[in-house]
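Structure record follows, encoded as structure tokens.
The values are calculated or read from the model by the stated rules, or taken from the named source; none is laboratory data. Owing to the predicted nature of the structure, the values given are computational and were not obtained by experimental measurement. Cβ atoms come from the backbone with ideal geometry, glycine included; neighbour counts cover every protein chain shown.
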Amino acid sequence: MNQSDLPPAARALLQQATRRETPCGDGVMAWHLWGTGEPVVMLHGGSGNWTHWVRNIPAVLAAGYMAVVPDLPGFGDSATPPGGGDADAAVAPVALGLQTLLGARPCTLVAFSFGSLVAALLAAEQPGRVSSLLTNPRFDGLTLVPDAGHWVQFEAAERFNAWVGDALAAGSASGR
């Protein structure tokens, strides 16, 4: 993805990220990492990329977590996985990436839409990898809206951030 194509907020956030790449099909899977602490992996919807989370990443960081945000296989800067573009084909490259980036460390998965399918399949396949699974939250008015030609902002980002924050806090309080 060309940085000059990104809205200013996404460009600024990208400049603060560490980009890592892991194997995927005939190429690589792109990952963006911010912060330290327990990892929160955020999986975007179909036809998207890491920028789906641009308004949510700062809230995760402010809560003291590490934000781990890939371009899912076949989207953004990531190559298509060998098995094609279905969610089940994305699980192996995502699992390999998480193992490479986090080792055996479990993570919280936050996902919506297509990312929810990948997250659920990964959690079913590798339950020890996932400490918490947060998928498809429902809020009145929660919709993606275009920003400079990109789908990068949640109209209800504050409510989503509060929901994720509450869920993460509940997990911490329960020892998960």
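None of LEU101, LEU96 is in a helix (DSSP H, G or I) and in contact with a Phe, Trp or Tyr (Cβ under 7 Å, 6 or more places away or on another chain) except LEU101. For the range 44-57, a tally of residues being part of a helix (DSSP H, G or I) and either in contact with a Lys or Arg (Cβ under 9 Å, 6 or more places away or on another chain) or among the hydroxyl-bearing types (Ser, Thr, Tyr) (or both) returns 1. Comparison of PRO58, PRO39, PRO106 shows that the only residue that is free of Cβ contacts under 8 Å to residues at least 40 places away in the same chain and closer than 20 Å to ALA167 by Cβ is PRO106. Just one of the listed residues (VAL60, VAL28) is touching an Asp or Glu at 6+ places or on another chain (Cβ under 7 Å) and not in a loop (DSSP other than H, G, I, E, B), namely VAL28. In the range 64-75, what residues are modelled with pLDDT of 95 or more and not hydrophobic (A, V, I, L, M, F, W, C)? The answer is PRO70, ASP71, PRO73, GLY74. I'd like to check something: does the range 7-19 contain any residue that is among the basic types (Lys, Arg) and part of a strand (DSSP E or B)? Yes - at least one qualifying residue is present in the range 7-19. Please work out which residue is surrounded by the most Cβ atoms within 10 Å (Cβ to Cβ), limiting yourself to the range 1-24 and to residues that are touching a residue at least 24 places away in the same chain (Cβ under 8 Å), of a type outside the set (A, V, I, L, M, F, W, C) and out of contact with any helix residue (DSSP H, G or I) (no Cβ under 7 Å at 6 or more places or on another chain). The qualifying residue surrounded by the most Cβ atoms within 10 Å (Cβ to Cβ) is PRO7.
Here THR18 meets the list (1) at pLDDT below 90; (2) more than 24 Å from ALA120 (Cβ to Cβ) almost entirely, failing just condition (1).
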